[in-house]
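Below is one structure, written out as structure tokens; comments come after it.
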């Protein structure tokens with residue numbers, strides 16, 4: 001594994017809108033699931049980060065919609081770590097449908113925040129070590 | 001005011017699905033907004049309840065869908081307290097559209113829970129007093 | 001296979017609320033995914049039903065919340081067909097978390113509607129045949 | 001009125017997440033409501049656009065999250081038309097809470113699409129005329 005992962009998500013009916021497309025705001029849920037999956041493949045869970053008082057609020061989101069997603073599509077989301085994190089962690093994403101058509105490209109920035117103080121903090125060491133290990137392999 | 005209130009909600013595009021109807025699960029958000037509004041008209045906010053360590057999780061929901069809601073509909077929701085609350089509070093709801101067509105009837109039960117102990121508790125006295133006062137007037 | 005299926009769903013962060021629980025309305029999405037999965041295991045897709053002008057709007061939903069779901073829970077949803085469908089199809093559901101704790105029991109009724117006329121219609125024969133075949137096996 | 005409008009939105013409980021903040025993806029719904037409101041104040045509805053076969057899918061979204069929104073916040077959203085539309089329409093948004101704290105800045109691009117052909121088209125003349133009229137006044 002490099003620092004790029006792939007995860008699959010099936011589009012729910014309730015995630016479409018009356019245009020017959022995936023509603024533009026619902027991609028945020030898919031991106032969240034994709035970076036959670038990335039973290040899990042790095043050997044961690046976002047849940048355990050939180051239980052160690054590390055919050056990861058999103059500070060920046062940008063999405064380009066190239067083609068519409070549809071109900072029951074089996075989306076494939078590529079998630080790539082842009083650079084080694086310091087106080088922030090940045091991902092880029094590309095979403096394809098089952099016919100390998102590119103639907104969406106996106107980018108997010110999340111900040112490491114200390115749950116107790118509410119202040120920005122460094123990424124935890126164990127996360128940086130996992131990233132180092134995966135970047136080498 | 002009696003213990004029945006009316007609140008208006010405009011349907012968002014993202015709340016419809018590809019059938020062109022309001023997605024059946026999204027009515028839960030409308031019911032939440034309606035009972036929050038009921039509470040506000042009784043002189044309280046759910047936010048202040050929580051800050052006094054009273055949680056109100058939903059324990060029972062039932063909805064009958066009589067006719068579909070559509071994008072941009074200006075829904076009118078009637079919220080009625082079924083009986084004076086003890087450890088639970090029960091509401092019934094009727095949702096009409098702008099042409100006074102009945103779309104949905106629903107019922108919810110919420111439990112009063114102590115945030116610190118996680119245990120069921122009695123409804124706060126100040127809430128019961130407001131209800132008494134409104135029932136008389 | 002009988003007419004009972006099991007599907008697994010991972011809870012997203014965006015599906016929780018500030019109580020730290022899965023928001024009560026979001027179970028509607030899980031139930032939708034569960035019955036879509038049921039249909040797929042019967043050899044059909046809801047997408048293909050729609051493309052043959054059969055709509056399946058929900059007419060009745062009831063949910064009992066026994067215990068809260070949490071972020072990152074891997075839910076297991078048992079979906080059971082209550083009886084052979086005619087103009088309506090009824091399912092019951094039980095949702096467990098990864099520790100086999102029962103969180104939710106629910107029931108839905110959906111109506112078979114002709115997309116062109118908007119009228120109630122019988123369940124398609126090919127669906128009834130699949131159900132017969134699976135009930136026998 | 002200029003080509004800037006202000007609309008107010010109350011945050012629902014189901015729109016928060018377990019961090020106690022408005023979930024980052026839910027702002028997309030608020031932006032949608034804000035530009036629908038903008039259009040209504042210009043004398044049009046998005047619903048009527050659709051009924052005249054003009055679709056307006058979002059092609060680009062970017063959001064900066066400066067401070068978290070909370071449950072029951074009464075958000076104020078300023079919506080500004082960036083320039084006179086041709087085949088696309090661009091808005092910028094600033095979201096404040098009730099204490100006039102700036103929470104979010106955002107930008108969206110939407111494309112005018114012919115519903116029948118699926119092709120990009122020019123903005124309808126009646127919309128351009130309303131914009132001209134409002135820019136002058």
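What follows is calculated from the coordinates using simple rules that are stated; it is not laboratory data. All of these numbers come straight from a predicted model, not from anything done at the bench. Methodologically, a virtual Cβ is constructed for each residue, glycine included, from the backbone with ideal geometry; neighbour enumeration extends over all protein chains shown.
Got at least one residue in the range A:79-89 being within 14 Å of chain D (Cβ to nearest Cβ) and under 27 Å from residue D:22 (Cβ atoms)? Among the residues of the range A:79-89, at least one is within 14 Å of chain D (Cβ to nearest Cβ) and under 27 Å from residue D:22 (Cβ atoms), which makes the answer yes. Residue C:93 passes every criterion in (1) touching a helix residue (DSSP H, G or I) at 6+ places or on another chain (Cβ under 8 Å); (2) facing another protein chain (nearest Cβ under 9 Å) apart from (2).
Of the listed requirements (1) within 13 Å of chain A (Cβ to nearest Cβ); (2) out of contact with any helix residue (DSSP H, G or I) (no Cβ under 6 Å at 6 or more places or on another chain); (3) within 22 Å of residue A:18 (Cβ to Cβ); (4) in contact (Cβ under 8 Å) with a residue 40 or more places away in the chain, residue D:58 misses just one: (2).
Scanning the range A:86-104 for residues being assigned to a loop (DSSP other than H, G, I, E, B), surrounded by fewer than 18 Cβ atoms within 10 Å (Cβ to Cβ) and at negative phi gives a total of 5.
Of the candidates A:23, A:30, the single residue that is out of contact with any strand residue (DSSP E or B) (no Cβ under 6 Å at 6 or more places or on another chain) and closer than 30 Å to residue B:72 by Cα is A:23.
What are the residues in the range A:105-121 that are surrounded by fewer than 12 Cβ atoms within 10 Å (Cβ to Cβ) and on the phi < 0 side of the Ramachandran plot, if any? Result: A:116, A:117, A:119. For residue D:129, the conditions (1) over 17 Å from residue D:44 (Cβ atoms); (2) free of Cβ contacts under 8 Å to residues at least 40 places away in the same chain all hold with the exception of (1).
Against the list (1) more than 29 Å from residue D:13 (Cα to Cα); (2) part of a loop (DSSP other than H, G, I, E, B), the condition residue D:68 fails is (1). Residues of the range C:61-93 that are within 17 Å of residue C:121 (Cα to Cα) and in contact (Cβ under 8 Å) with a residue 24 or more places away in the chain: C:84, C:85, C:86, C:87, C:88, C:89.
In summary, residue B:49 fulfils each of the numbered conditions (1) away from chain C (no Cβ under 14 Å); (2) out of contact with any strand residue (DSSP E or B) (no Cβ under 7 Å at 6 or more places or on another chain); (3) in contact (Cβ under 8 Å) with a residue 12 or more places away in the chain with the single exception of condition (1).
Among the candidates C:20, C:43, C:25, single out the residue that is on the phi > 0 side of the Ramachandran plot and under 16 Å from the mean Cα position of the chain (by Cα). Even if it seems obvious, please write down each step before you answer.
Details: C:20 fails: under 16 Å from the mean Cα position of the chain (by Cα); C:25 fails: on the phi > 0 side of the Ramachandran plot.
Answer to the selection: C:43.
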